[in-house]
Amino acid sequence: MTERSALRRRGVELGILLAYGAVAVGITWPLAARLSTHLIRSEDTLFHYWNGWWVRWALAAGQSPYHTRYLFYPRGISLIYSNFAWFNIAMWLVLRPLVGGLAAYNVPLLFNLALCGFATFLLTRDLTGDWRAALLAGLIYQCWPYRLHQLCHPNLSSTQWIPLFLLFTIRAVRRGQWQDGALAGAFLALTGYTRWQLLIPAAIVGGIYLLCTLPGQWASWRRWMPVLFLAGGVAALALTPPAVLLLREQTTTPADLVVDQDEALKQTDLLAYLTPSQNHPVLEPFTEMIFDRYRPSDAGARSPYSYIGVVALALALLGIWGARRSAVPWALVALVLILLALGPVLRVGGLLYPAVPMPYRLAARLFVVRLLRFPDRFNMFLALPVAVLAAFGAEKAIGTGRRRSAWIAVPLVCLLGSTILFEYWIGPISLDRAQLSPYYSELAAEPEEFAVLNLPINPNAAKSYMFAQTIHHRPILQGHASRPPEGTYAYLDGHPWLRILRQHSEMDPELSGVSRQLASLAEDSNAGFNDR
């Protein structure tokens, strides 16, 4: 490839990345118009915003971000179990001085969506050799309904590194070049740094692909095996420091990493794969009545977000039929992920069929599978095999060379792409104005050092208290931890008044003796600051 053609190729790729960026703006509208004033409506958004604020605060103070006394004061809490979305946090740290905290949080969400589409475009272009089919595959992966409903969890929805890990793993096997192995390992490490649990689906997808393809490449094992070992070595080396911290913490201060009731409730209803989102502004009237059947009323309507889409499903089936041998690994990956997402008990239209043996029951004997907590989360990663199979199908539908002239192929791609966007559209995304009482700014201006007691002491309100902390910068006596280690609530439960308030979170805090109890808390607060 000449230098001029290489530059032209990079220019085209940049244009495609920008196109996916425009799609990201469109499917999350009106977020782009309110970058500096609003956040995606979810308590979890407030928690992830706090993560960035805390990392900045800790680094400025010259301390480790993996432990804080700003939550559950005065004992503090380890944050080793907290899933920091490090790529988002790094972008937040860079952008915050330039555009402010809220915009610095929102911009990475849009960028990650664009990268999801672009990474899948690169992977499927390599697999099919057809950039038009790859465009559609990237669109499916980027706008996958489960992803759009998980934007409040940037450490779950940011899965752009997995397609890149697979791209360079496949290249490493095909070409046996060292740089491919190094890049495969680097992108696998980035997957782990985005969220530890993302390594589970990455291992499932990569493992199945290699098991299906390596036997046919065995004659050249001397060429690709050292490169794959290099990939594993790079990933292991990069992930060793946080892995050591995690193992040490689990040994000294263990936490419950798996909750059994999560597996029992938060699985996927089989019919949800055929049901459009309940937030679709056009299709909602046709699907609204069936959503309550899919989930118990106390579990929330999660599984309807597992919609595959008519176009994506039709293209995927066409890809399985047309590509045959090349489609086998991806079809097997899709089947495995669906079986895992269905959970331990088959649910169809809200009805349970406990007599049906489910593969998840066997897979759950592996503790690592249960670390993902909710079986329906496997639907996030189903996007990749569906997108790849759809690329195979689109390649066949579009045709190449004389079989399909450009004046037919381009409109067909536009039609398919528009239909995919329509199917996956969730309407105006729900936003909340990130506006807090001026009182928190007044707290920040107080010269004394003190901790803040937020009432009610309610775990559901803890994330909003943490968001307020990014304004007042004072330690608080509670907080949120997805996997709280032992002793997290020791101070709250050790104080008689706080123990009552925690046990009865709706209780009126204006109890008799409130002054005496607050005086006792003030003494503990002062003692805590004096001990620092």
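The values are calculated or read from the model by the stated rules, or taken from the named source; none is laboratory data. Computed from a prediction, not measured in an experiment: that's the story for all the values here. For neighbour counting, all protein chains shown are included, and Cβ atoms are generated from backbone atoms with ideal geometry for every residue, glycine included. All accessible areas refer to the heavy atoms of the entire protein, side chains included, with ligands and DNA or RNA removed. Shrake-Rupley method; radii C 1.70, N 1.55, O 1.52, S 1.80 Å.
Might you let me know whether region 61-77 holds any residue that is assigned to a helix (DSSP H, G or I), closer than 19 Å to LYS463 by Cα and in contact with a strand residue (DSSP E or B) (Cβ under 8 Å, 6 or more places away or on another chain)? Working first, answer last.
Taking region 61-77 as the starting set, the residues that turn out to be assigned to a helix (DSSP H, G or I) are none.
Scanning region 61-77 turns up no residue that is assigned to a helix (DSSP H, G or I), closer than 19 Å to LYS463 by Cα and in contact with a strand residue (DSSP E or B) (Cβ under 8 Å, 6 or more places away or on another chain).
For ALA32, the test of being modelled with pLDDT of 95 or more and either assigned to a helix (DSSP H, G or I) or touching a Leu at 6+ places or on another chain (Cβ under 8 Å) (or both) is passed. In this structure, ALA445 qualifies as open to solvent by 20 Å² or more (accessible area, probe 1.4 Å), without any contact (Cβ under 8 Å) to a residue 12 or more places away in the chain and farther than 30 Å from VAL205 by Cα.
Residue-wise test of (1) outside any loop (DSSP other than H, G, I, E, B); (2) more than 27 Å from SER36 (Cα to Cα); (3) modelled with pLDDT of 90 or more.
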position	(1), (2), (3)
PRO447	no, yes, no
LEU455	no, yes, no
ASN460	yes, no, no
PHE467	yes, no, yes
HIS480	no, no, no
PRO484	no, yes, no
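Suppose the filter is crowded, with 17+ Cβ neighbours inside 10 Å and not aromatic (Phe, Trp, Tyr); does GLY26 pass it? So GLY26 does not fit the description; no.
So that you can scan it fast, the table gives a plain yes or no per residue for (1) of a type in the set (D, E, K, R); (2) at positive phi:
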residue: ARG125; (1), (2): yes, no
residue: LEU156; (1), (2): no, no
residue: TRP161; (1), (2): no, no
residue: GLY176; (1), (2): no, yes
residue: ALA184; (1), (2): no, no
residue: THR194; (1), (2): no, no
residue: GLY207; (1), (2): no, no
residue: PRO215; (1), (2): no, no
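Among the residues of region 403-421, is there at least one that is modelled with pLDDT of 85 or more and of a type in the set (D, E, K, R)? Checked against the condition, which is being modelled with pLDDT of 85 or more and of a type in the set (D, E, K, R), region 403-421 yields no hits at all. Only one of the listed residues (LEU93, LEU113, LEU122) is under 30 Å from SER326 (Cβ atoms), out of contact with any Ser or Thr (no Cβ under 8 Å at 6 or more places or on another chain) and not basic (Lys, Arg). That residue is LEU122. Across region 116-149, the qualifying residues are those that are open to solvent by 10 Å² or more (accessible area, probe 1.4 Å) and in contact with a Leu (Cβ under 8 Å, 6 or more places away or on another chain), and the one among them that is nearest to GLN160 (Cα to Cα) is PHE118. Filtering region 222-254 to residues that are at pLDDT below 85 and in contact with a helix residue (DSSP H, G or I) (Cβ under 8 Å, 6 or more places away or on another chain) leaves only LEU246. Regarding SER5, is this residue touching a residue at least 12 places away in the same chain (Cβ under 8 Å), open to solvent by less than 60 Å² (accessible area, probe 1.4 Å) and out of contact with any Phe, Trp or Tyr (no Cβ under 8 Å at 6 or more places or on another chain)? No, not satisfied.
For region 53-85, residues that are touching a Phe, Trp or Tyr at 6+ places or on another chain (Cβ under 6 Å) and either farther than 20 Å from ARG483 by Cβ or surrounded by fewer than 20 Cβ atoms within 10 Å (Cβ to Cβ) (or both) total 1.
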